[in-house]
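Q: This is the structure I want to talk about, given as structure tokens.
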Amino acid sequence: MKRISFLLLSGLIMLAVFVQAQTKTYSILIKGGHVIDAKNNINELMDVAIQSGKIAAVAKNIDPSLAAQIVDAKGMYVTPGLIDLHAHVFAGTDDRGLSGGFSALAPDPYTFRSGVTTVVDCGGAGWQSFDRFKKNIIDRSRTRVLSFLNIVGDGMRGNPYEQDINDMDAKKTADKALANKDIVVGFKLAHFAAASWVPVERVVEAGKLADMPVIIDFGGDNTHAPLSIETLFTKYLRPGDIYTHVYTELVQRDPVVDLNTRQLKPFLIPAQKRGIIFDVGFGGGSFNFNQAIPSIKAGFLPNTMGTDLHTGSMNGAMKDQLNVLSIFLSMGMDIQGVISRSTWAPAQAIKRPELGNLSVGSGADVAILTVRNGNFAFKDIAGNRNEGKQRFECEMTIRNGRIVYDLNAIASTSAQSK
């Protein structure tokens, strides 16, 4: 009898809380945070209210009695959910590299704790493997997973598959993208080693057929001089196309900073002004301070802050999206600049203007971040060290109006609904 009474009382309490929550104007109210929303030119203290999975209000001093749950964001930054433009999340148990293999990562354990709500898998799947990627990863993830489809039909499976020009079918790739326009945002070329422009021509052809951007991981092998990035930018890429691993310094890639003069090459800023998008793509082997610091001093900043997340980078110098943002703070960029380049800028790059902002009516994907002050140090992939005074840390992530990560229990039920 006591057990039945206890269960009945618990049920009544839960019902009362549910009924009270339904009568509230907002399900969640984020109070007192510093909002950064590049799309809406907001960079100040504001409250953010959420209801039914949408942003319901962004204003000063919203009445807390209107909300079922209060999030105390005082001293924190409130931003749109971060977008990682360059990740590898087509995970699997086969020996297939980044196309359903061990080198890729399931997204949810690595996204929310970094404030990331959207990832773009960067070429893991091609037109032949996309359906398996969708079934096994995209449809099962709470993280929003989008895709740059690889020009190689079998995706980023490793060699010799990624060297097969005969498997680079622009028409079939574009057709698969157009049949999945809700997920596929563009096309990827990566890891091709020979001195040939044919793969670039094929991926750009797919981009033209589908009216989508391409993202290029441009390199070669150690047997010949790398192809010219100046030629790539001026002859092949269109405004809106993306060049990733921009600050790499590897022998098989043409760098943006001249290795002899240590000066930014003169064609980079004009290419950026023409509309070429430059992505960080840090990864396990694609970021060097010797390239990044002179570039930033010369005024050549990245457009987007993709991480190149995979098993080879998550525990190395890259770590996660917030560590990448912290590294750019250490090189002189400001907080608003790195946030905009990981929210609204990538949303525009992938032609998803509904993402990366806190506009009223948009989906409630939100990151709440702390910036810790102190003495920190960061490494590039070559082991070079750079010191900084600030480091980002994720306090909370909200995906589609629901709290999916709360580091320090900053969410509480409002006093009025207790």
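Q: Roughly how many debye, to the nearest 20, is the charge dipole of segment 282-418 about its Cα centre, given +1 on each Lys and Arg Cβ, -1 on each Asp and Glu Cβ, and no other charges?
A: Here the size comes out at about 40 debye.
Q: What length, rounded to one decimal in nm, is gained on full extension from K297 through to N159, with 0.36 nm per residue of separation minus their alpha-carbon distance?
A: Once the chain is fully extended between K297 and N159, it gains 45.9 nm.
Q: What's the ranking of 162-170, 206-214, 126-134 by average number of surrounding C-beta atoms within 10 Å, highest first?
A: 126-134, 206-214, 162-170
Q: Under unit Cβ charges (Lys, Arg +1; Asp, Glu -1), what dipole magnitude, rounded to 20 debye, does the chain have relative to its Cα centre?
A: Using only the charged Cβ atoms, the result is roughly 1100 debye.
Q: Going toward the positive end of the dipole of the chain, with +1 on Lys and Arg Cβ and -1 on Asp and Glu Cβ, which of L82, S412, V338 do you reach last?
A: Towards the positive end, the residue furthest out is S412.
Q: Regarding the chain, what whole-number volume in Å³ per residue does the convex hull of its Cα atoms give?
A: So the per-residue hull volume is 154 Å³.
Q: How charged is the neighbourhood of T234? Take every other residue with its Cβ under 14 Å from the Cβ of T234, and add Lys/Arg as +1 and Asp/Glu as -1.
A: +2
Q: Binning every alpha carbon pair distance of segment 35-156 at 10 Å from zero, what are the percents per bin?
A: All Cα pairs considered, the percentages come to 13, 34, 23, 18, 11, 1.
Q: Right, next: Would you work out which of Y236, F133, P255 lies farthest towards the positive end of the dipole of segment 115-260? Charges go on Cβ: Lys and Arg +1, Asp and Glu -1.
A: The residue sitting most towards the positive pole is F133.
Q: With a Cα-only, solvent-free Debye model of segment 28-74, what are the log10 I(q)/I(0) values at q = 0.13, 0.19, 0.28 Å⁻¹?
A: Log10 I(q)/I(0), no solvent term: -0.25, -0.54, -1.07.
Q: Let me ask something else about it. What is the packing order of peptides 241-250, 34-43, taking the mean over residues of other C-beta atoms within 10 Å and listing the highest first?
A: Ranking the peptides 241-250, 34-43 by packing returns 241-250, 34-43.
Q: Sum up the charges of everything whose Cβ sits under 11 Å from the Cβ of S114, counting Lys and Arg as +1 and Asp and Glu as -1, but leave S114 out.
A: Combined, the nearby Lys, Arg, Asp and Glu give -1.
Q: Pick from S330, S65, S362 the residue whose mean-square fluctuation is largest in a GNM of the chain, springs joining Cα atoms under 10 Å.
A: Among S330, S65, S362, the largest mean-square fluctuation in the Gaussian network model of the chain belongs to S65.
Q: Next up: Quote the relative contact order of the chain in percent (integer), defining contacts as alpha-carbon pairs under 8 Å separated by 6+ residues.
A: 19
Q: Then there is this: Of the residues D365, D139, D108, which exhibits the maximal mean-square fluctuation in a Gaussian network model of the chain defined by a 10 Å Cα contact cut-off?
A: Ranking D365, D139, D108 by mean-square fluctuation puts D139 first.
Q: Given a cut-off of 30 Å, name the pairs among K74/K273; K172/K273; K235/K351 whose C-alpha atoms lie farther apart than that in the structure shown.
A: K74/K273; K172/K273
Q: Continuing with this model, one more query. Mind checking which lysines have their Cα closer than 18 Å to the Cα of K24? Skip sequence neighbours fewer than 8 apart in that chain.
A: The qualifying lysines are K54, K418.
Q: Give me the aspartates and glutamates in straight-line cross-link reach of K389: C-alpha distance below 14 Å, same-chain residues under 8 apart excluded.
A: The reachable aspartates and glutamates, counting only those whose Cα sits under 14 Å from K389, are D334.
No value in this document is a laboratory result; all are computed from the given coordinates. Just so it is clear, the model here is predicted, and its values are computed rather than measured. Every residue, glycine as well, gets a Cβ built from its backbone with ideal geometry; the counts of neighbours run over all protein chains shown.
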